[in-house]
Each structure stands twice: as structure tokens, then as C-alpha cells.
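Structure record follows, encoded as C-alpha cells.
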Amino acid sequence: MNTDLIHTELDGRVLRLRLNRFDKKNALTVDMYRGLNAAFARASEDPAVRVLLVEGNETCFCAGNDLGDFLNNPADSMDAPVFQFLGHLAEFKKPLVAAINGAAVGIGTTITLHCDLVFAGDNTRFQMPFVNLGLIPEAGSSFLLPLTCGHVRAAELLMLGEGFDAATAKELGLVNRVCAAAETIPTALATAQRLAEQPPESIRLTKALMKQAHKGRVEQTILDEAAAFMERLKSAEAKEAFTAFFEKRKADFSRF
């Protein structure tokens, strides 16, 4: 399955999923989420696929949601493509590998919390600016991030919404290895191919066992976050944040 903006290619037993909207730093639209959902469904169901590799290119991974498209197509129910995608991330049973370079904003960062192996280029800049937009974290990150790096580090990243580099991401436990930007995708692909050569059922069971202790909690957190997210989209704070973004000015929350 290929679209103009989501490209998939079976490379041996590895399904390579490439975000392909580089002129917009791979900012995700509703149609792109639909393409992602189709790709994850194929990877889940196709016995020829043993590993899914998500990638961008040497300079960009994902700048988060396309805010203009997001406002024109608001996520107003759990059937929204964005929430379906978060479900795919949480439920995906095969190995999930990410190769990340450049911008990794919002879901571009929180996807790492659902991956089994993550490789980041030394040019990567991570950020989770949900609160800056009057919103709240997504993809189960309000549970998974404190679980990964502790409450105080997670609070710093989620409440201040500041960016951080690949070395910091490795220190926090979000990535396995930092690579030169040109080597990120080849390194991730080579590792994905090694995973694909392992006994597939042993790999799937190992992943399931590692995740089972928190599986229910992650799924419930994603639902709780989604409900709060939909409410926050209607809030005066979010309206001010989005207006300020499009007017290219600093948001003013002093009156709230």
C-alpha cells in the first residue's frame, strides 16, 4: 500500500514505512493517519512481515500534527484516525523499530515509547509541546514517560514542552543508539533485518511478556488522554495557543 505521503516497501521480511511529506517536515494530516493505519494493519496481518520499520529521511522524521489540517478535521471521537493510530501503536504485536532524524515533535517523540528499538541521528531534536498548545499529552505518554525516565524528568519534558537532543533522549531511555544522521536509517534497517531472522513466535511472545504488566494501564491511559484531549481542543487556552501559532506570536495565558 502506497500513497503520495505514506510509502511502504517490503524489504525482505521488514516492512519499511516511510513518512513522505518532507516539504512540511512530515507534519501529519488526517489522510496520512489513515495511511498509517492501513500500513500498520497490513504489517499486523501479513505473515510475510516480521518487523515494521518507521522512518523519515536524513533530515526529518515527523513535526507532529499539521495544525491547520488538525483544526479543519478535529479529532472529535474515538473513531478519529489519529486515535485509531494510537491504538495500533499500543496493540502492535510484532517488533516495531524507528529511525529518527531531524524534527521529532509530538507524536514524532511519543512514538518512541511504543517502539522496541529506536535509532536517532545526532541531528535529531525531540519535543512534546502539548501543554504549550493548551492541550495534554497523548499516546499514553503521561503514563509511559514517567515509567521510562521518572516523574521529575517527565514533568520537565511534558510541562515545559522544551526540546532536547538525541544524546539526552538516549540518557532518558527513549533511544537505543545515537548515529550520524546518514547512518541512522541503514543502522535501523540492518537491525530490523537481524530481528526478522529471529524465531518469529519467540520474538512476539517476548515482546508480549515485556509489555503485559502495563498493557491494560497503557490502553486505559490512551483512552483517558483522548477524552481530555478532545475537551482541551474546545478550550479557550487552546484557542489562544493556536491563534498565536498562526499569528506567529507568543501565546498569552495571563488572563486564564
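Descriptive notes on the structure:
- DSSP beta bridge pairing in the chain, given as percent antiparallel to the nearest 5: 25
- Between the Cα long axis of helix 151-160 and the first principal axis of the chain there is an angle of about 60°, rounded to the nearest 10.
- Equivalent ellipsoid of the range 1-79: semi-axes from √(5λ) of the C-alpha gyration tensor, largest first, are 23, 16, 8 Å.
- Rounded to the nearest 10 degrees, the angle from helix 81-91 to the longest Cα principal axis of the chain is 50 degrees.
- Given +1 at the Cβ of Lys and Arg, -1 at the Cβ of Asp and Glu and no other charges, the dipole of the range 23-105 around its Cα centre is 280 debye to the nearest 20.
- Eigen-decomposition of the gyration tensor built on the alpha-carbon atoms of the chain gives equivalent ellipsoid semi-axes of 29, 19, 19 angstrom, largest listed first.
- Sorted by Cβ density within 10 Å, fewest first, the residues LYS207, LYS93: LYS93, LYS207
- Size of charge dipole - the range 176-228 - debye, nearest 20, with Cβ of Lys, Arg +1 and Asp, Glu -1, no other charges: 180
- Net dipole in debye of the chain [+1 Lys, Arg Cβ; -1 Asp, Glu Cβ; about Cα centre; nearest 20]: 340
- Between the Cα long axis of helix 181-196 and the first principal axis of the chain there is an angle of about 50°, rounded to the nearest 10.
- Against the compact-protein benchmark of 2.2 N^0.38 Å, the Cα-based radius of gyration of the range 63-104 scales to 1.42.
- Members of LYS93/LYS215; LYS25/LYS234; LYS24/LYS248; LYS24/LYS234; LYS94/LYS215; LYS25/LYS248 lying beyond 20 Å, as alpha-carbon distances in this model show: LYS25/LYS234; LYS24/LYS234
- Local charge for ALA103 was computed over the other residues whose Cβ lies under 11 Å away, with Lys and Arg +1 and Asp and Glu -1, and equals +3.
- Overall form of the range 1-146 per C-alpha gyration tensor (a/c, 1.5; a/b vs b/c): rounded
- Across the range 4-17, coupling constants 3J(HN,Hα) worked out from phi with the 6.51/-1.76/1.60 Karplus curve, θ = phi - 60°, read 4, 10, 10, 10, 10, 8, 7, 10, x, 9, 9, 8, 8, 10 Hz, and Gly and Pro carry x.
- Each residue of the range 202-214 is assigned a 3J(HN,Hα), and the resulting list reads 4, 5, 5, 5, 4, 4, 4, 5, 5, 9, 5, 4, 10 Hz, derived from the Karplus form 6.51 cos²θ - 1.76 cosθ + 1.60 (θ = phi - 60°), x at Gly and Pro.
- Ordering ASN123, CYS179, PRO81 by Cα displacement along the dipole of the chain toward the positive end leaves CYS179 in first place; charges were set at the Cβ atoms of Lys, Arg (+1) and Asp, Glu (-1).
- For SER141, SER44, order by how many other beta-carbon atoms lie within 10 Å, fewest first: SER44, SER141
- Centre-to-centre separation between the Cα atoms of the range 140-160 and those of the range 2-80: 25 Å.
- q = 0.13 Å⁻¹, the range 115-256: log10 I(q)/I(0) [Debye, one scatterer per Cα]: -0.76
- Once backbone amide H atoms are built at 1.01 Å from N, ARG125 has GLY102, ALA103, ALA104 as its partners under 5 Å, excluding neighbours fewer than 5 places away on the same chain.
Rule-based calculations on the coordinates, nothing more; no lab input. These numbers come from a predicted model, not from an experiment. Counting neighbours? That spans all protein chains shown, and the Cβs are built from the backbone with ideal geometry, glycine included.
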